[in-house]
Amino acid sequence: MGLLNKRALVRQLQKSGIASRAVLARSLGMSQPTAGKIVDELIADNILEEVDAVEAGDGNGNGATRLGRPGRQLQLNRSQPGFLGIHLGIQETSLAELPLGDADEDRWRHSFRNPATKSQPVAQWEAELREAAKKLDSKKFLGVLLSVPGIVDEPANKILFSPNIHWSEGQDLPAVIRRVWNLPALVVQEERVVALGHHFNNPEDENFLLVDFGEGVGGAAIVGGKPFASPLPISGELGHTPALGNHRRCGCGATGCVETLVSTRGLIESFSAAHPKSKKTWAALGDHIAATGLEPWLTQSLDAAAVAICAALNVLGLRQVVITGSLAELPPAVLDYVSRSVQNGAMWARFGSIECVGAPRCRAAGLVAIGIDRLVVPETGDELDSKLKLSRGETSRAKPSKLNPATASKNEIYIS
Ligand SMILES: [Zn+2]
């Protein structure tokens, strides 16, 4: 019960940003002594902090002033980092010190190149992490959150397969992190992080497919404000959908994946094939598009990405697409084209509307949301069990699931 109340209080502050003890107690239906005790514990744990601010009240003319704590307001701690965020990119690893109340993307201040040699890459990565740790302002965190691409078994804290970072496969990188910081460490699939980050910063967006373009291409669905729960630990791999007529080899071992066309590297490769005398850079590609518009090699690649997006929308039953990452750095005509192509292809657009918008990539916010959910106010085993039943379509009235118990495993819980 204590944890439930604690979680309700933290979630309320995530939504409202700031509130007094009295307003929090009232809005959660708790007695003031109960809410006060929880608040005191959360302040002692550095999860909340008290600040002087104008009382917002609860909308019914009931502010804290009347109840004796004029001006003192609570918020998620912004003064000190709550989590250490680490992002394993294809080329670089980046680190950010993340306060619970301020998940600004500018916080990715430290980075190092990933191991270049095949000899003991994990040991090299650990050595780089130790060096990076010395440069951080803070030594104390509630935990470390690692965002990685590829197929991730989140409950087992392992990377199963990584098309672009093969050295990370089969590795327990959180164990490496624990050797450096001696703190709880979780690994999370990067597209799920970015999708949760978008939801964290835009709570009104509860159902959407997020597609992130960059060194790779991935997608993750948020349904009812939660990451879409799937029985297999594979969720973000939209980029590894084959595009007809594409013969490029992909890092995943297949041929023709759409990622090889629309990742930053794929687009630069096509640009340079069409214009061999141009510079092979992202900036040169942007300048070229701004000067000449969208050429057929580009629209064909964008259409291939739109086909994969439409297939996902048609099956998942979603009408909102949020596009983040590198495509938004190109002239707006590129995103406009993708948006039109998705509207043309998605079935819902024939009698409803499809919304396809560009948005900033909120990786820091996603990690904070996951850290709060899984480290600060984690769900209990019973709650996870009931969610697992829901995700399988089981309810108290439903017949028992036909799922073979022999194949059921803890891997089937993918709830952040
Ligand atoms: Zn692939």
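Computed over region 83-193, the quotient of the alpha carbon radius of gyration and 2.2 N^0.38 Å is 0.99.
Note on the chain: with charges restricted to the Cβ of Lys and Arg (+1) and Asp and Glu (-1), its dipole about the Cα centre is near 560 debye.
Rounded to 0.05, the FRET efficiency of the Val51 and Ala328 pair, given R0 = 41 Å and the Cβ-Cβ distance, is 0.75. Between Lys139 and Ala123, what is the label-point separation in nm under the 7 Å Cα-to-beta-carbon projection? Roughly 2.7 nm, to one decimal. With respect to the chain, whose longest principal axis is taken over its alpha-carbon atoms, helix 264-274 is tilted by about 20°.
Against the main long axis of the alpha-carbon atoms of the chain, helix 381-391 sits at an angle near 40°. Ordered by 1.4 Å accessible area with all protein chains kept, Lys279, Lys118 run largest first as Lys118, Lys279. The residues Lys140, Lys135, Lys277, sorted by heavy-atom accessible surface at 1.4 Å with ligands and nucleic acids left out, run Lys277, Lys140, Lys135 from largest to smallest. What's the center-to-center distance, using Cα atoms, between region 183-197 and region 111-141 in Å? Each part's Cα centre sits 19 Å from the other's. Arg319 sits among other residues whose Cβ lies under 14 Å from its own Cβ, and their net charge, with Lys and Arg +1 and Asp and Glu -1, is -2. Accessible surface comparison of Glu49, Glu131, probe 1.4 Å, protein chains only, largest first: the order is Glu131, Glu49. Across region 203-358, the volume of the C-alpha convex hull divided among the residues equals 116 Å³ per residue. At an R0 of 22 angstrom, the distance between the Cβ atoms of Ala274 and Arg249 translates into a FRET efficiency of 0.65.
Accessible surface for His166 stands near 90 Å², nearest 10, in the context of the full protein assembly shown (1.4 Å probe). The phi torsions of region 89-103, fed into the Karplus equation with coefficients 6.51, -1.76 and 1.60 and a -60° offset, translate into couplings of x, 6, 9, 10, 10, 10, 10, 9, 8, 10, x, 5, x, 8, 9 Hz, rounded to whole numbers, with Gly and Pro shown as x. Thinking of the chain as a set of Cα atoms, what percent of all their pairs are more than 26 Å apart? The share of Cα pairs beyond 26 Å in the chain comes to 59 percent. Using a cut-off of 24 Å between Cα atoms, the listed pairs Lys6/Lys226; Lys134/Lys226; Lys134/Lys158; Lys158/Lys280; Lys118/Lys280; Lys158/Lys226 include Lys134/Lys226; Lys134/Lys158; Lys158/Lys280; Lys118/Lys280 as exceeding that distance.
The values are calculated or read from the model by the stated rules, or taken from the named source; none is laboratory data. From a predicted model like this one, the values you see are computed outputs, not experimental measurements. Positions of Cβ are generated from backbone atoms using ideal geometry, with glycine treated the same way; all protein chains shown enter the neighbour counts. Remember, those area values only see protein heavy atoms, side chains included, never the ligands or the DNA or RNA. Shrake-Rupley method; radii C 1.70, N 1.55, O 1.52, S 1.80 Å.
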